[in-house]
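Coordinate-derived values only; no laboratory data. This is a predicted model, so every value here is computed, not measured. Cβ placement follows ideal geometry from the backbone for every residue including glycine, while neighbour counts extend to all protein chains displayed.
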C-alpha cells in the first residue's frame, strides 16, 4: 500500500531532476560546458533517465568559475606590488641617470626647489594692493574684468 506512493514520489523527483537538468543545460554558459556539445547533453538528459541528469550535473555542468582567468587593470595606488616597490625605487637625477633613492638626495632636491621658489619671489618687482609682491603684477582696480563698468546690465 505504501509502495505506490513511494514510486509516485520517486517518479516525480526524477521528472523534477530531468526538467531542472534540461533547463540548466539550455541556459548554461556555452564556454563552460564540458565533455559534449549542448545539444548532445540535452538528448542524453532526456533519453537516459536518472543517469543523464546525474552525468550532466557531475561531468557536463563545468566549474562554478571559468577556467580562464580574467585580468582587470588596477590603479597604481590600489596595486600593492607597485606600492611596495616605491620604498626601494630609484631616482632620476638632473643628468637623466637612474640611481638608488636615499633621504639625502630627497633633502637636497627639496632645498634646491625652495631656493628656486625664493629666487622667483625676489624677481617679481610689482607690488599688489597690499604692498607685497604679487605673482601677476595686475592692479585689481585697473583690470577691465573686475569692478563696475559703464554699460554693464548686471551691475
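Please arrange 21, 73 by how many other C-beta atoms lie within 10 Å of their C-beta, fewest to most.
On the way: 21 23, 73 6.
Placing the least packed residue first, the sequence is 73, 21.
So, in nm, how far is label residue 48 from label residue 82 when the simple model puts each one 7 Å beyond its Cα toward the Cβ?
Modelled inter-label distance: 5.1 nm.
Using 1/(1 + (r/R0)^6) with R0 = 35 angstrom and r between the beta carbons of residue 29 and residue 5, what's the FRET efficiency to the nearest 0.05? Intermediate results must be reported in sequence, preceding the final value.
Values: r = 39 Å, r/R0 = 1.12.
Computed FRET efficiency for residue 29 and residue 5: 0.35.
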